[in-house]
Amino acid sequence: MSVLRPTEIFVRVTWLGIVRDRSRGLASEPREAVEATYEGFAGETHAGLTRAACTRTRLQYPVGTEIRNVRQISIVSAEELAEIAAALGLPELDPRLLGASMVVEGAPQFTRVPPSSRLVFETGAGLVIDMENAPCRFPAEAIEAAHPGHGMRFPAHARGKRGVTAWVECPGKIGLGDTARLHVPPLAPYAPLLGSTRSSSNVI
């Protein structure tokens with residue numbers, strides 16, 4: 001019996017990009033198409049089968065520990081980008097300033113898509129959504145540099161709208177205009193967390 005359930009939600013790719021060298025800045029470079037490999041998008045600085053644990057996983061592993069890389073790709077939605085831009089007082093928000101790998105449209109509340117969902121493309125490529133990508137100061141600083149007086153409120157206004165991180169499950173080419181179907185896992189909440197005020201915010 002199949003566990004993942006195909007939905008009637010389809011997304012369309014409206015923007016693609018890669019960050020070549022994170023040490024030179026967060027901004028991603030636009031692409032017409034990308035090659036998704038098991039390590040991530042070809043040429044992307046965040047690609048790799050493994051990565052060093054960072055502050056995001058400090059409660060699980062010491063910083064620097066080699067762990068599986070489930071943060072190969074950063075996906076944001078066009079709808080949520082527009083909402084963040086409006087909250088910041090900007091006409092639009094360039095995904096390059098967020099270091100985005102992909103912008104999609106067509107999925108309501110995209111950042112809240114359940115972890116372990118799949119985006120299966122018509123080309124055969126498949127991406128696994130790891131989890132919500134929490135806002136941080138780095139995009140805020142990039143936005144502030146491009147739009148003085150608007151960027152530093154980004155973390156507050158992007159909470160729950162920053163998009164998700166993902167990794168490649170099935171390789172393939174992905175191009176602008178391509179569509180993917182959303183497949184979701186079972187959505188029953190984890191009962192032991194329901195009575196915990198400390199953890200209840202993490203329950204789907």
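Structure above, values below:
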read-out	value
Number of the exception - Arg56 against (1) surrounded by fewer than 16 Cβ atoms within 10 Å (Cβ to Cβ); (2) outside any strand (DSSP E or B); (3) modelled with pLDDT of 95 or more	(3)
The one condition in (1) surrounded by 16 or more Cβ atoms within 10 Å (Cβ to Cβ); (2) at pLDDT 95 or above; (3) over 22 Å from Ser2 (Cβ atoms) that Ala140 fails to fulfil	(2)
Test result for Pro108, touching a Phe, Trp or Tyr at 6+ places or on another chain (Cβ under 6 Å) and in contact (Cβ under 8 Å) with a residue 12 or more places away in the chain	no
Residues within the range 1-24 that are of a type in the set (Gly, Ala, Ser) and exposed (fewer than 15 other Cβ atoms within 10 Å of the Cβ), tallied	2
Filter result (under 19 Å from Gly177 (Cβ atoms) and in contact with a helix residue (DSSP H, G or I) (Cβ under 8 Å, 6 or more places away or on another chain)) within the range 76-106	Val76, Ser77, Glu79, Leu81, Pro95, Val103, Val104, Glu105
Among (1) in a loop (DSSP other than H, G, I, E, B); (2) within 17 Å of the chain's Cα centre (by Cα); (3) not polar (S, T, N, Q), the one test that Glu80 misses	(1)
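The values are calculated or read from the model by the stated rules, or taken from the named source; none is laboratory data. None of the values given here were measured: they were computed from a predicted structure. Note that we place each Cβ from the backbone using ideal geometry, even for glycine, and neighbour counts take in every protein chain shown.
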